[in-house]
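Note sheet for the following structure.
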Amino acid sequence: MARPKTITDERLLAAAAEVIGRKGPGFTVADVAERAGVSVGTVAHRFGSKSGLLQALTRQTSDANVRRMHEAAAAAADPADGLRAALLTWFEGMTDPAEAQNHLAQLGVDLIDPELRALLADLYATTERTVVELTRRADLPHGPPPERAARVLTGLLYGVSMDWSIRPRGELADRLAQDVDAVLDAWKGRS
């Protein structure tokens with residue numbers, strides 16, 4: 001009979017995200033195992049390789065992003081406020097520019113790998129579909145059609161987060177809120 005799984009995949013993936021934040025693309029499976037308090041064999045058995053670990057982390061990130069966005073939107077009384085709240089969940093907890101830079105560096109490496117690039121495309125498409133859905137519910141009389149609005153809003157968030165990781169001024173959460181508010185206020189007719 002097989003031993004029960006006492007170390008969850010979620011715990012291993014959380015360790016991977018932390019290690020990437022500290023080390024960037026130079027991290028190893030051994031670094032993840034050490035952070036999780038398990039053997040390298042445990043990580044390798046679950047994910048097969050560093051690429052397999054990154055693929056699982058990307059899938060988990062996609063699912064978590066959509067879940068957080070829906071939860072934030074549902075908690076708001078007004079659909080436009082829900083859209084705003086959903087958008088601001090994307091980079092929750094990202095307060096350290098060095099950590100953001102390491103994740104950005106890992107993204108650059110991920111784009112070279114066809115499998116990871118395809119998973120990232122799925123992540124971006126899933127996120128954008130969620131933003132389209134939330135935008136359709138919001139009263140934005142001066143905004144573009146929902147599909148274009150979603151492209152603008154997702155591009156805004158990606159751009160602000162990248163700019164902040166390269167040129168950190170203030171808190172990322174504050175910058176995102178200010179820029180999202182500027183766009184949504186204009187689309188509501190409150191410029």
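FYI, it's all coordinate maths here, none of it is from the lab. Please read these numbers as outputs of a predicted model, since none were measured by experiment. Ideal geometry is used to build each Cβ from the backbone, glycine not excepted, and the neighbour counts take in all protein chains shown.
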*asked:* Can you give the log10 of the normalised intensity I(q)/I(0) at q = 0.20, 0.31 Å⁻¹, computed with Debye over equal Cα scatterers of region 57-114?
replied: -0.83, -1.13
*asked:* Run the helix sum for the chain: -39,500 (n - 2.57) per DSSP H stretch of 4+ residues, divided by residue count, reported at 222 nm to the nearest 500 deg cm²/dmol.
replied: -24500 deg cm²/dmol
*How much net charge surrounds residue 161 when only the other residues with a Cβ under 15 Å from the Cβ of residue 161 are counted, with Lys and Arg +1 and Asp and Glu -1?*
-4
_Pairwise centroid distance, computed over Cα atoms, of region 4-49 with region 89-161, Å_ = 25
*Taking +1 at the Cβ of each Lys and Arg and -1 at the Cβ of each Asp and Glu, which of 152, 108, 121 sits farthest along the dipole of region 71-154 towards its positive end, judged by Cα position relative to the Cα centre?*
152
*Under 13 Å from the Cβ of residue 109, count the other residues' Cβ atoms, weight Lys and Arg +1, Asp and Glu -1, and hand me the total.*
0
_Springs between alpha-carbon pairs under 10 angstrom, Gaussian network model over the chain: which of 178, 101, 55 fluctuates most?_
178
*Expressed as cubic angstrom per residue, what is the convex hull volume of the alpha carbon set of the chain?*
129
*Counting alpha carbon pairs within less than 8 Å and at least 6 residues apart, what relative contact order, in whole percent, applies to region 1-148?*
27
*Angle between the Cα long axis of helix 146-166 and the longest principal axis of the chain, 0 to 90 degrees, nearest 10?*
60
